[in-house]
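Participant: Quick one: the structure is below, and I'll ask about it shortly.
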Amino acid sequence: MRSVANFYQDCQEAVGPQPPLDVLLPDSVGCVLAEDVIAPFDLPVADLAACDGYAVNHGDLAGASPDSPVTLRVLAELRAGDIDPMANIKGGAIRIASGAPIPSGADAVVALDYTDHGEAKVSIRTQPRAGENIRPRAQDATAGDIVLERGARLGARQIALIAGVGRNRINVHPRPRVVIISIGDEIVEPGQEARPGSVFDANGHALSTAVADAGAQTFRVAAVPDERATLRQTIEDQLVRADLVVTTGGISYGSGDTVREVLGALGTVRFDSVAAWPGHILGVGHVGEGTPIFCLPGDPVSAQVCFEVYVRPAVRAMQGWSKLNRPTVLARVNRGWYSPRGRREFVRVKLSGDPRHGYEATVMGPPGALLLSALAESNAFAVVPEDTTDVREGDSLRCMVLD
């Protein structure tokens, strides 16, 4: 029997970061950088006005105040994108737009609020400091600076910086394409008419959502029966678009559980008993030309627990993330229970509290019962160590925070 830690490591070794891919900026959102982004020029490229107003030499406005304004001639007007046409503005002012280059001879910008908005002459009611309302050249970045390091996840703020240094393409670890396959003769699609012995495909929908939440692309396949030829054909067909395959169900030792036999002919997949509850039989390996595959239990609660513990960290590793696991906190449980000897147990709980006063973990449903209703109400998994059998009310357990 393998430990949780050992099987976790098996899952990490089965995958690796997606090979870097050069993509357009819109396609990089949510991805992790696979290169350092270097500024090819100073940003900004010149001293720029930080607001609409008048570019002046601050020495020309000595003593200016609301009670004693100073009047200057307006020599010209500059807009954003203009090139500096002025050699000297001593004794005058330049009407200037935010983002326009500061003309030679000017060392401050007076905001419009402190003027009469004059066109030929302007009355100014304040004495600015040197450098006031000016964005200095290279304030954001100097040419050659690393402005974003590899490993950063790209969102709107990072995209703004990349576009601001003139890049329209970038190298990223692309989001992996994850195929979800639910296996079992008894599984029917939600919305169809239930029949005796059937169960609705909770796993396909739940795991697709979980994969998307982890940042990957997801492809859900309609439930596949426990028929060898059909199952094999389905898996082979999906490999053309899969960076990772996740199956649920069909991995027990019953005569109708065909996954082991089918995968044995398609690749190298190892099935283990893992010292955990729920989810004590699991598979990991490769199929086809080396596509990683994870085989999870068919029970929806077990499948969700196993996804969070093993699969989600692997999906994040494929994207180049440095932090793979859910955050954890210590919390006091509200009641006791018996935990299976020799197994690491993951119990559905609802956390409340705060860092200052501590956290409470309310157990949702009987710990040994795999109830979807309890899973839906929980926001964490309380983790019971392998050597603990009797959990008592008030005991502190490490909890994986899900929300």
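The values are calculated or read from the model by the stated rules, or taken from the named source; none is laboratory data. Because the structure is a prediction, the values reported are computed rather than measured. Cβ sites come from the backbone with ideal geometry, for glycine too, and all protein chains shown count toward neighbours. Each accessible area value is taken on the protein alone, full model and side chains, heavy atoms only, with ligands, DNA and RNA left out. Shrake-Rupley method; radii C 1.70, N 1.55, O 1.52, S 1.80 Å.
Participant: Between the stretch 272-289 and the stretch 162-217, what is the separation of their alpha carbon centroids in Å?
Facilitator: Value for the Cα centre distance between the two parts: 20 Å.
Participant: Would you list, by chain and number, the aspartates and glutamates whose Cα falls below 19 Å from the Cα of residue 350, excluding same-chain residues fewer than 8 positions away?
Facilitator: Counting by Cα, and skipping residues close in sequence, residue 350 has these aspartates and glutamates nearby: 308, 360, 377, 393, 395, 403.
Participant: While we're on this one: Averaging over all projection directions, find the projected area of the Cα convex hull of the stretch 80-133 and quote it in nm² with one decimal place.
Facilitator: So the mean shadow area of the Cα hull is 3.8 nm².
Participant: Compute the angle between helix 202-213 and the longest alpha-carbon principal axis of the chain, please, reported from 0 to 90 degrees and rounded to the nearest 10.
Facilitator: The angle comes out near 30 degrees.
Participant: A follow-up question, please. Ranking request for peptides 296-302, 193-199, 230-236: highest mean number of other beta-carbon atoms within 10 Å first, then the rest in descending order.
Facilitator: Highest to lowest by the protection proxy: 296-302, 230-236, 193-199.
Participant: Sort largest first and round to whole Å: the equivalent ellipsoid semi-axes of the stretch 196-254, each the square root of five times a Cα gyration tensor eigenvalue.
Facilitator: Over the Cα atoms of the stretch 196-254, the ellipsoid semi-axes are 21, 16, 10 Å.
Participant: Taking 41 Å as R0, compute the FRET efficiency from the Cβ-Cβ separation of residue 159 and residue 119 and round it to 0.05. Don't skip to the answer; put the middle values down first.
Facilitator: Numbers: r = 39 Å, r/R0 = 0.96.
After rounding, the FRET efficiency stands at 0.55.
Participant: Moving to a separate point now. How are the C-alpha pair distances of the stretch 201-305 spread across 10 Å bins, as whole percents from the shortest bin up?
Facilitator: Spelled out per bin, shortest first, that is 14, 50, 34, 2.
Participant: Within the stretch 291-331, whose backbone N sits under 20 Å from a point 7 Å along Cα→Cβ of residue 396?
Facilitator: 327-331
Participant: Nearest 500 deg cm²/dmol is fine: what mean residue ellipticity at 222 nm does the chain get from its DSSP H runs of n ≥ 4 alone, each adding -39,500 (n - 2.57), divided by its residue count?
Facilitator: -5000 deg cm²/dmol, from helical runs alone.
Participant: Still on this structure, please answer the following. Whenever you get a sec, compute what percent of the accessible area on the stretch 125-277 sits on carbon and sulfur atoms (1.4 Å probe).
Facilitator: Details: 3550 of 7660 Å².
After summing per-atom areas, the C and S share lands at 46 percent.
Participant: How large is log10 of I(q)/I(0) for the chain at q = 0.06, 0.09, 0.12 Å⁻¹ when the intensity is taken from the Debye formula with one equal scatterer per alpha-carbon?
Facilitator: Log10 of I(q)/I(0), two decimals: -0.43, -0.70, -0.93.
Participant: Per the Cauchy relation, a quarter of the hull surface: what is the mean projected area of the convex hull of the alpha carbons in the stretch 1-148, in nm²?
Facilitator: Numbers: hull surface 57.6 nm².
The orientation-averaged projected area of the Cα hull of the stretch 1-148 comes to 14.4 nm².
Participant: Another question, then. What is the projected area of the convex hull of the Cα atoms of the stretch 107-165, averaged over all directions, in nm²?
Facilitator: With the hull built on Cα positions only, its mean projection is 6.6 nm².
Participant: Could I ask something else about it? What angle, in degrees between 0 and 90 and rounded to the nearest 10, separates the Cα long axis of helix 228-238 from the longest principal axis of the Cα atoms of the chain?
Facilitator: That helix lies at roughly 10 degrees to the long axis.
Participant: Please calculate the 1.4 Å probe accessible area of residue 357, with all protein chains present, and give it to the nearest 10 Å².
Facilitator: 130
Participant: To continue, here is another question. From the square roots a ≥ b ≥ c of the eigenvalues of the alpha-carbon gyration tensor of the stretch 230-281, which class results: rounded (a/c under 1.5), prolate (a/b over b/c), or oblate?
Facilitator: prolate
Participant: Still on this structure: Ranked from the most accessible area to the least, with a 1.4 Å probe and all protein chains present, what is the order of 306, 51?
Facilitator: 51, 306
Participant: Under 13 Å Cα-Cα from residue 90, which aspartates and glutamates qualify once same-chain neighbours fewer than 8 residues away are excluded?
Facilitator: 60, 107
Participant: Find how much the distance from residue 354 to residue 227 grows on full extension, using 0.36 nm per residue of separation minus their present alpha carbon separation; answer in nm with one decimal.
Facilitator: Roughly 40.7 nm would be gained on extension.
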